[in-house]
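S.K.: So that we are looking at the same thing, I have put the structure below in C-alpha coordinates.
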Amino acid sequence: MASNQNQYENPLITRYASPEMSEIWSPRRKFGTWRRLWVALAEAEAELGLPISAAQIAQLKEHVDDIDFEAAAQYERRLRHDVMAHVRAYGDVCPDARGIIHLGATSCYVTDNTDLLLMREALRLVRDRVVSVIDRLGRFAREYRDSGWSRCGTNMIVNRIRWETAVNPHYAGGFKINDHFAPHLARKLMDEDPTFEGFFETRRLRKP
(Lines give C-alpha, C1' and ligand atoms only; values in the text may rest on other atoms or scores of the structure.)
Protein backbone atom coordinates (compact mmCIF):
# COMPACT_ATOMS: atom_id res chain seq x y z
CA MET A 1 0.00 0.00 0.00
CA ALA A 2 1.21 3.49 -0.82
CA SER A 3 0.32 5.08 2.51
CA ASN A 4 2.78 5.27 5.41
CA GLN A 5 1.65 2.71 7.99
CA ASN A 6 3.92 4.27 10.63
CA GLN A 7 2.08 7.60 10.62
CA TYR A 8 -1.50 8.55 11.44
CA GLU A 9 -3.19 9.96 8.35
CA ASN A 10 -4.89 13.31 8.76
CA PRO A 11 -4.53 16.61 6.84
CA LEU A 12 -3.41 18.39 10.03
CA ILE A 13 -0.66 15.90 10.94
CA THR A 14 2.17 17.65 9.11
CA ARG A 15 1.18 20.99 10.61
CA TYR A 16 0.55 20.15 14.25
CA ALA A 17 1.52 16.62 15.27
CA SER A 18 4.93 15.54 16.48
CA PRO A 19 6.46 12.43 14.89
CA GLU A 20 6.06 10.65 18.24
CA MET A 21 2.33 11.41 18.49
CA SER A 22 1.76 10.52 14.86
CA GLU A 23 3.46 7.15 15.40
CA ILE A 24 1.31 6.38 18.43
CA TRP A 25 -1.86 6.68 16.33
CA SER A 26 -0.40 5.05 13.23
CA PRO A 27 -1.96 1.95 11.63
CA ARG A 28 1.11 -0.10 12.51
CA ARG A 29 0.84 0.77 16.20
CA LYS A 30 -2.93 0.26 16.20
CA PHE A 31 -2.98 -3.14 14.54
CA GLY A 32 0.21 -4.22 16.27
CA THR A 33 -1.58 -3.56 19.55
CA TRP A 34 -4.52 -5.63 18.34
CA ARG A 35 -2.14 -8.53 17.82
CA ARG A 36 -0.54 -8.12 21.23
CA LEU A 37 -3.99 -8.20 22.77
CA TRP A 38 -4.73 -11.42 20.89
CA VAL A 39 -1.52 -12.91 22.25
CA ALA A 40 -2.51 -11.87 25.78
CA LEU A 41 -5.97 -13.37 25.24
CA ALA A 42 -4.52 -16.70 24.07
CA GLU A 43 -2.14 -16.83 27.04
CA ALA A 44 -4.96 -16.15 29.50
CA GLU A 45 -7.22 -18.75 27.89
CA ALA A 46 -4.41 -21.31 27.96
CA GLU A 47 -3.96 -20.67 31.69
CA LEU A 48 -7.67 -21.27 32.17
CA GLY A 49 -7.38 -24.67 30.55
CA LEU A 50 -8.53 -24.08 26.97
CA PRO A 51 -6.81 -26.32 24.40
CA ILE A 52 -4.22 -23.78 23.30
CA SER A 53 -0.65 -24.97 22.94
CA ALA A 54 2.58 -23.21 23.75
CA ALA A 55 3.59 -23.67 20.11
CA GLN A 56 0.51 -21.78 18.93
CA ILE A 57 1.23 -18.89 21.28
CA ALA A 58 4.88 -18.87 20.18
CA GLN A 59 3.79 -18.61 16.57
CA LEU A 60 1.52 -15.67 17.39
CA LYS A 61 4.39 -13.89 19.16
CA GLU A 62 6.79 -14.61 16.30
CA HIS A 63 4.56 -12.82 13.78
CA VAL A 64 3.09 -10.10 15.97
CA ASP A 65 4.71 -7.33 13.90
CA ASP A 66 4.52 -9.15 10.58
CA ILE A 67 1.47 -7.23 9.33
CA ASP A 68 0.44 -7.52 5.69
CA PHE A 69 -1.65 -4.39 5.30
CA GLU A 70 -2.51 -5.13 1.68
CA ALA A 71 -3.87 -8.58 2.59
CA ALA A 72 -5.89 -7.06 5.45
CA ALA A 73 -7.32 -4.44 3.08
CA GLN A 74 -8.35 -7.11 0.61
CA TYR A 75 -10.04 -9.12 3.35
CA GLU A 76 -11.86 -6.03 4.58
CA ARG A 77 -13.19 -5.21 1.12
CA ARG A 78 -14.64 -8.70 1.00
CA LEU A 79 -15.78 -9.13 4.61
CA ARG A 80 -16.75 -5.51 5.39
CA HIS A 81 -15.31 -5.99 8.87
CA ASP A 82 -11.97 -4.55 9.97
CA VAL A 83 -11.42 -6.85 12.95
CA MET A 84 -12.18 -10.05 11.05
CA ALA A 85 -10.01 -8.83 8.18
CA HIS A 86 -7.02 -8.58 10.50
CA VAL A 87 -7.90 -11.90 12.15
CA ARG A 88 -7.66 -13.49 8.70
CA ALA A 89 -4.43 -11.68 7.82
CA TYR A 90 -2.87 -12.72 11.13
CA GLY A 91 -4.01 -16.28 10.57
CA ASP A 92 -2.33 -16.35 7.17
CA VAL A 93 1.11 -15.93 8.80
CA CYS A 94 0.18 -18.07 11.83
CA PRO A 95 -1.56 -21.07 10.24
CA ASP A 96 -1.16 -23.31 13.28
CA ALA A 97 -2.78 -20.68 15.52
CA ARG A 98 -5.44 -19.54 13.08
CA GLY A 99 -8.27 -21.12 15.04
CA ILE A 100 -7.43 -19.49 18.37
CA ILE A 101 -7.02 -15.89 17.21
CA HIS A 102 -9.74 -13.72 18.78
CA LEU A 103 -11.23 -16.86 20.34
CA GLY A 104 -14.34 -16.01 22.38
CA ALA A 105 -13.80 -12.25 22.10
CA THR A 106 -15.86 -9.44 20.65
CA SER A 107 -14.56 -6.71 18.39
CA CYS A 108 -14.56 -4.29 21.32
CA TYR A 109 -11.91 -6.40 23.03
CA VAL A 110 -9.31 -5.18 20.56
CA THR A 111 -10.81 -1.87 19.41
CA ASP A 112 -11.71 -0.39 22.79
CA ASN A 113 -8.70 -1.69 24.69
CA THR A 114 -6.36 -0.50 21.97
CA ASP A 115 -7.91 2.96 22.09
CA LEU A 116 -7.43 3.04 25.87
CA LEU A 117 -3.81 1.89 25.64
CA LEU A 118 -2.95 4.41 22.92
CA MET A 119 -4.74 7.23 24.72
CA ARG A 120 -2.64 6.44 27.80
CA GLU A 121 0.55 6.62 25.74
CA ALA A 122 -0.55 9.83 24.05
CA LEU A 123 -1.45 11.46 27.37
CA ARG A 124 1.91 10.49 28.83
CA LEU A 125 3.59 12.17 25.87
CA VAL A 126 1.45 15.30 26.32
CA ARG A 127 2.19 15.29 30.06
CA ASP A 128 5.93 15.14 29.49
CA ARG A 129 5.80 17.91 26.89
CA VAL A 130 3.66 20.17 29.10
CA VAL A 131 6.01 19.63 32.07
CA SER A 132 8.94 20.51 29.82
CA VAL A 133 7.24 23.68 28.60
CA ILE A 134 6.35 24.79 32.13
CA ASP A 135 9.96 24.19 33.17
CA ARG A 136 11.28 26.32 30.31
CA LEU A 137 8.68 28.98 30.93
CA GLY A 138 9.81 29.15 34.54
CA ARG A 139 13.51 29.31 33.67
CA PHE A 140 13.05 32.08 31.13
CA ALA A 141 10.68 33.97 33.44
CA ARG A 142 13.23 33.84 36.28
CA GLU A 143 15.88 35.09 33.89
CA TYR A 144 13.76 38.11 32.94
CA ARG A 145 12.67 38.74 36.53
CA ASP A 146 16.23 38.56 37.85
CA SER A 147 17.34 41.04 35.20
CA GLY A 148 14.87 43.62 36.53
CA TRP A 149 11.62 42.95 34.72
CA SER A 150 8.55 43.37 36.91
CA ARG A 151 5.98 42.24 34.34
CA CYS A 152 6.23 40.00 31.29
CA GLY A 153 3.91 38.80 28.54
CA THR A 154 3.52 35.03 28.30
CA ASN A 155 3.51 35.06 24.50
CA MET A 156 6.93 36.69 24.45
CA ILE A 157 8.41 33.84 26.48
CA VAL A 158 6.54 31.21 24.47
CA ASN A 159 7.92 32.71 21.27
CA ARG A 160 11.42 32.51 22.74
CA ILE A 161 10.84 28.81 23.47
CA ARG A 162 9.70 28.40 19.85
CA TRP A 163 12.85 30.08 18.56
CA GLU A 164 15.24 28.10 20.74
CA THR A 165 13.65 24.79 19.79
CA ALA A 166 13.60 25.77 16.11
CA VAL A 167 17.39 26.19 16.06
CA ASN A 168 18.01 23.08 18.16
CA PRO A 169 18.27 19.98 15.91
CA HIS A 170 17.21 17.79 18.84
CA TYR A 171 13.63 19.08 18.49
CA ALA A 172 12.48 17.84 15.08
CA GLY A 173 9.71 20.03 13.75
CA GLY A 174 10.20 22.72 16.38
CA PHE A 175 7.96 23.66 19.28
CA LYS A 176 4.24 23.91 18.53
CA ILE A 177 1.69 25.31 20.94
CA ASN A 178 -1.50 27.28 20.50
CA ASP A 179 -1.06 30.84 21.77
CA HIS A 180 -4.34 30.57 23.65
CA PHE A 181 -2.73 27.90 25.85
CA ALA A 182 0.08 30.20 26.99
CA PRO A 183 -1.97 31.95 29.73
CA HIS A 184 -2.93 28.56 31.15
CA LEU A 185 0.76 27.64 31.43
CA ALA A 186 1.48 30.96 33.13
CA ARG A 187 -1.30 30.40 35.65
CA LYS A 188 0.00 26.90 36.29
CA LEU A 189 3.45 28.28 36.99
CA MET A 190 2.07 30.99 39.28
CA ASP A 191 0.07 28.39 41.19
CA GLU A 192 3.19 26.28 41.71
CA ASP A 193 5.53 29.20 42.48
CA PRO A 194 3.81 32.08 44.33
CA THR A 195 6.84 34.32 43.74
CA PHE A 196 5.58 34.74 40.16
CA GLU A 197 2.21 36.09 41.29
CA GLY A 198 1.46 39.17 39.16
CA PHE A 199 4.57 38.76 37.00
CA PHE A 200 2.77 37.55 33.89
CA GLU A 201 0.47 39.82 31.95
CA THR A 202 -2.56 37.55 31.91
CA ARG A 203 -6.02 37.67 33.40
CA ARG A 204 -6.75 35.40 36.34
CA LEU A 205 -9.53 32.92 35.87
CA ARG A 206 -12.78 33.75 37.60
CA LYS A 207 -13.60 31.48 40.47
CA PRO A 208 -17.20 30.21 40.58
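S.K.: Evaluate the following for S22: is it part of a helix (DSSP H, G or I), at pLDDT below 95 and not acidic (D, E)? Before the answer, list the steps.
M.R.: On the way: part of a helix (DSSP H, G or I): yes; at pLDDT below 95: yes; not acidic (D, E): yes.
Spelling it out, S22 is indeed part of a helix (DSSP H, G or I), at pLDDT below 95 and not acidic (D, E).
S.K.: Take H86 and tell me if it is out of contact with any Cys (no Cβ under 8 Å at 6 or more places or on another chain), touching a residue at least 40 places away in the same chain (Cβ under 8 Å) and within 19 Å of G32 (Cα to Cα).
M.R.: Taking the combined requirement at face value, the residue satisfies it.
S.K.: Then there's this: Could you tell me which residue of the range 110-152 is farthest from A42 (Cα to Cα), considering only residues that are not in a helix (DSSP H, G or I) and not hydrophobic (A, V, I, L, M, F, W, C)?
M.R.: G148
S.K.: Moving to a separate point now. Please give the number of the condition D112 fails out of (1) farther than 13 Å from L37 by Cα; (2) modelled with pLDDT of 95 or more; (3) not assigned by TED's automatic domain parsing to the domain that holds V39.
M.R.: All conditions are met except number (1).
S.K.: If you scan the range 10-25, which residues turn out to be out of contact with any Gly (no Cβ under 9 Å at 6 or more places or on another chain), surrounded by 15 or more Cβ atoms within 10 Å (Cβ to Cβ) and in contact (Cβ under 8 Å) with a residue 12 or more places away in the chain?
M.R.: Within the range 10-25, M21, S22, E23, I24, W25 qualify.
S.K.: Of the residues that make up the range 64-79, is at least one part of a helix (DSSP H, G or I), hydrophobic (A, V, I, L, M, F, W, C), in contact with a His (Cβ under 8 Å, 6 or more places away or on another chain) and within 25 Å of L118 (Cα to Cα)?
M.R.: Looking through the range 64-79, at least one residue is part of a helix (DSSP H, G or I), hydrophobic (A, V, I, L, M, F, W, C), in contact with a His (Cβ under 8 Å, 6 or more places away or on another chain) and within 25 Å of L118 (Cα to Cα).
S.K.: Please tell me if D191 is acidic (D, E), exposed (fewer than 11 other Cβ atoms within 10 Å of the Cβ), part of a helix (DSSP H, G or I) and modelled with pLDDT of 75 or more.
M.R.: Yes; evaluated as a whole, the condition is true for this residue.
S.K.: So, in the range 38-62, exactly how many residues are part of a loop (DSSP other than H, G, I, E, B) and loosely packed, with under 15 Cβ neighbours inside 10 Å? Talk me through it step by step, then tell me what you get.
M.R.: First, the residues of the range 38-62 that are part of a loop (DSSP other than H, G, I, E, B): 48-53.
Then keep just the ones that are loosely packed, with under 15 Cβ neighbours inside 10 Å; that gives 48-51, 53.
Residues flagged as part of a loop (DSSP other than H, G, I, E, B) and loosely packed, with under 15 Cβ neighbours inside 10 Å within the range 38-62 amount to 5.
S.K.: Can you confirm whether the range 2-19 contains a residue that is more than 28 Å from R129 (Cβ to Cβ) and out of contact with any helix residue (DSSP H, G or I) (no Cβ under 7 Å at 6 or more places or on another chain)? Spell out how you get there, then give the answer.
M.R.: Initially, the range 2-19 is screened for residues more than 28 Å from R129 (Cβ to Cβ), giving 2.
From what's left, out of contact with any helix residue (DSSP H, G or I) (no Cβ under 7 Å at 6 or more places or on another chain): 2.
So far as the range 2-19 goes, yes, one or more of its residues are more than 28 Å from R129 (Cβ to Cβ) and out of contact with any helix residue (DSSP H, G or I) (no Cβ under 7 Å at 6 or more places or on another chain).
The values are calculated or read from the model by the stated rules, or taken from the named source; none is laboratory data. Since the structure is predicted, the reported quantities are computational estimates derived from the model, not experimental observations. Positions of Cβ are backbone-derived with ideal geometry, glycine not excepted, and every protein chain shown enters the neighbour counts.
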